[in-house]
Structures are given as structure tokens and as C-alpha cells.
Amino acid sequence: MDEQVLEFTANGSPSDLSRAIEQFAVGHGSLTAIVVPWESDRATLSMAITAQRIDGWAIEHTNLGTIQLSDLGNQLTRVAIVSHAGEQPDKPKLAALFTGFAQTIQSKFQTAVS
């Protein structure tokens, strides 16, 4: 069951924000944020947030949630962050990881007009 975590407005276009969020996730070690083109359109970009676990040559990706970036015009973007971590076997740990990441994204990118 999906759970809405956060919704806010940010400065910049959806594509600018998606690149900034991708770079920000790189600094969080085991997290990856990537644009999912087949779930995106001209007005909204959808990003998958995954946790990575590496064991030798194997890399396991666990879907933690989605970030939807919707163009509001005038270089403003609506950011909606939805958790999928509750669907995973290790719920509390993954939910806490995703929620912390979402809150940090909000504090870094939210504008005063939300």
C-alpha cells in the first residue's frame, strides 16, 4: 500500500530538480534516484528511489518509493514523494531510510510558496 510522505513546491523545472535529486542521492551511499521515462510525460517526471545492496557481483535494488515532479510553470515544480517501503520485508529500517531521505529532499528544495 502506497503512503504519501510529503508534498511541496520547489524552484526550478522538473528536469533541473530531477538531476539535482539524482546527484543528492549519490551522496547518500546506498540510495539511487533515477528518472523512469515510461512513467513520465511532458508535464511530470517520475523518479524511482531504490536502496542498493551489493554482495560480490550481485546488486539488489529495493524499491523504496517514487518522487513525482510536476511542472507548475514559472520555474516552479510540485514535488510529491510516495513511500513503497512498507511493502518490503524489512519495513521499519527501509521506511526510516526513505522517510529521512524524503525529509532531507524537502528541507533542501522546498520554496516558501508551498
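Derivation of every value follows stated rules applied to the coordinates shown; laboratory data play no part. On a predicted model such as this, the values are computed, not experimentally measured, just so you know. Every residue, glycine among them, receives a Cβ derived from its backbone with ideal geometry; neighbour counts consider all protein chains shown.
For Asn63 and Asn11, what is the calculated FRET efficiency with R₀ set at 25 Å and r taken between the beta-carbons, to the nearest 0.05?
In this case the efficiency is close to 0.35.
Based on the Cβ-Cβ distance of Ser30 and Leu76, what FRET efficiency does E = 1/(1 + (r/R0)^6) give at R0 = 35 Å, to the nearest 0.05?
Taking R0 as 35 Å, the efficiency between Ser30 and Leu76 is 0.70.
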